[in-house]
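Note sheet for the following structure.
The values are calculated or read from the model by the stated rules, or taken from the named source; none is laboratory data. Computed from a predicted structure; not experimentally measured. For neighbour counting, all protein chains shown are included, and Cβ atoms are generated from backbone atoms with ideal geometry for every residue, glycine included. The protein model used for the area step is the full one, side chains on, heavy atoms only, and it has no ligands, DNA or RNA in it. Shrake-Rupley method; radii C 1.70, N 1.55, O 1.52, S 1.80 Å.
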Amino acid sequence: MQIVIVAVCVAALFVIVPMIISWIAYKKIFCRRFNGNPNLRYFTAEDFPGLEADPVCFASDKGQKLRGFIYTSKENAPRAPIVFSHGFGAGHQSYTTEINTLAQAGFAVLAYDGTGCVASEGKNFRGFDQGPIDLRYALKFAASDERLCRFGKAILVGHSWGAFSVMNCIEEKNVAGAVALCGFVSGACVVAQTAAGRSKNGRARAFWRILFPWLYLLNKGAFGREANKNSLCSLLATKKEVLLLYGEKDSTVYFPNNGAILKKRLEGKKNIRFLSFAEKGHNVYLTCEAEEEMNCVFGEIAKVKAKEKERLHQMYESVNYESITREDESVMQEIVAFCRRVSEAFPENSRTV
């Protein structure tokens with residue numbers, strides 16, 4: 001009898017503990033807003049010569065207003081629209097350098113802050129599956145806005161959470177192609193991998209599958225039919241042109257559980273090009289030196305206690321933003337070349353002003 005009781009207790013432990021960990025992780029990550037770091041400098045259009053930004057505002061699924069800009073070059077008339085989807089915990093202005101590169105290459109870039117992020121409405125972030133929902137509404141806006149609708153279709157570009165959103169909107173009818181940088185396969189999977197990978201040596205990552213079912217159910221409760229999008233399934237189903245880029249040292253969206261899986265499973269799909277970089281991490285669009293410096297700078301800041309306000313202020317003031325946002329020209333050229341090639345399929349009269 002005692003053996004049975006012990007067995008039941010052990011079984012209950014293996015159910016209850018993962019459930020509690022999953023709930024805590026879910027609440028901690030999603031049940032709050034992300035308003036940006038007030039200590040950081042975010043580049044705006046004024047920081048880039050020749051970059052223009054027209055403000056936009058449109059509603060998403062619950063009526064919450066999403067705000068952003070349409071970015072264009074003063075010198076180059078747009079040849080096609082790009083809808084840009086930003087990463088987790090950041091607004092779109094965390095990517096103004098990359099947006100400028102795309103605009104100067106001749107694209108009209110619609111970039112916005114997602115639900116619960118920075119300038120947009122929403123009492124909280126809700127979850128990763130909100131990303132594809134917001135992106136669909138951004139595409140609807142682009143299809144109705146006079147500055148963008150004449151092109152007919154748009155190209156999607158996104159990083160991290162934004163890449164997940166992009167990959168899971170590829171089959172929207174007004175999408176011509178997509179660029180996804182360091183995106184994850186599944187929201188439930190990546191949260192489980194992050195929650196289980198907190199140990200110093202990373203061994204706990206092997207146990208993320210224990211958390212996955214609970215996170216899957218939490219997503220289902222939050223999003224219903226829209227829950228648990230899967231990037232691999234979406235990419236396997238599409239015939240549209242897609243460019244995937246990954247850093248093999250990415251520990252944020254852990255490469256072996258995401259990029260490496262996509263590379264293996266999508267091998268042979270001629271419409272999908274996969275590029276990975278052995279020395280890069282999560283910010284694959286930056287130079288290795290810029291990414292290393294950024295990780296070092298913010299790693300040191302993270303060690304300082306919140307109450308040491310003067311020291312933190314000095315450290316933030318000393319950040320060299322030009323240095324830590326230096327783009328890898330070869331990577332950005334790959335992205336621009338891909339977007340130009342996809343845009344060549346647009347009707348000729350839609351590429352002229």
Would you confirm whether or not segment 230-249 contains a residue that is open to solvent by 10 Å² or more (accessible area, probe 1.4 Å), more than 22 Å from residue 79 (Cα to Cα) and either assigned to a strand (DSSP E or B) or touching an Asp or Glu at 6+ places or on another chain (Cβ under 6 Å) (or both)? yes
Unmet requirement for residue 136, which otherwise passes all of (1) of a type in the set (Lys, Arg); (2) touching a residue at least 40 places away in the same chain (Cβ under 8 Å); (3) surrounded by fewer than 21 Cβ atoms within 10 Å (Cβ to Cβ): (2)
What residue, of 96, 101, is among the β-branched types (Val, Ile, Thr), touching a residue at least 24 places away in the same chain (Cβ under 8 Å) and open to solvent by less than 10 Å² (accessible area, probe 1.4 Å)? 96
Based on what the data block shows, is residue 55 farther than 24 Å from residue 301 by Cβ and open to solvent by 60 Å² or more (accessible area, probe 1.4 Å)? yes
For segment 8-26, what are the residues that are at pLDDT 80 or above and open to solvent by 90 Å² or more (accessible area, probe 1.4 Å)? 23, 24
Are there any helices (runs of 4 or more DSSP H) wholly within segment 89-182 with 2 or more residues that are under 26 Å from residue 266 (Cα atoms), and if so which? 130-144, 161-167
Give the number of residues within segment 147-180 that are of a type in the set (Ser, Thr, Tyr) and in contact with a Pro (Cβ under 9 Å, 6 or more places away or on another chain). 1
Output the residues belonging to segment 58-83 that are open to solvent by 10 Å² or more (accessible area, probe 1.4 Å) and either aromatic (Phe, Trp, Tyr) or touching a Lys or Arg at 6+ places or on another chain (Cβ under 7 Å) (or both). 58, 59, 69, 79
Residue count, segment 252-279 (criterion: assigned to a loop (DSSP other than H, G, I, E, B) and crowded, with 16+ Cβ neighbours inside 10 Å): 5
In segment 299-353, residues that are open to solvent by 90 Å² or more (accessible area, probe 1.4 Å), part of a helix (DSSP H, G or I) and either modelled with pLDDT of 95 or more or acidic (Asp, Glu) (or both) total 8
Failed condition for residue 290, given (1) part of a helix (DSSP H, G or I); (2) open to solvent by 20 Å² or more (accessible area, probe 1.4 Å); (3) at pLDDT 95 or above, with all others met? (2)
Quick check, is residue 211 open to solvent by 70 Å² or more (accessible area, probe 1.4 Å), farther than 30 Å from residue 323 by Cα and out of contact with any strand residue (DSSP E or B) (no Cβ under 8 Å at 6 or more places or on another chain)? no
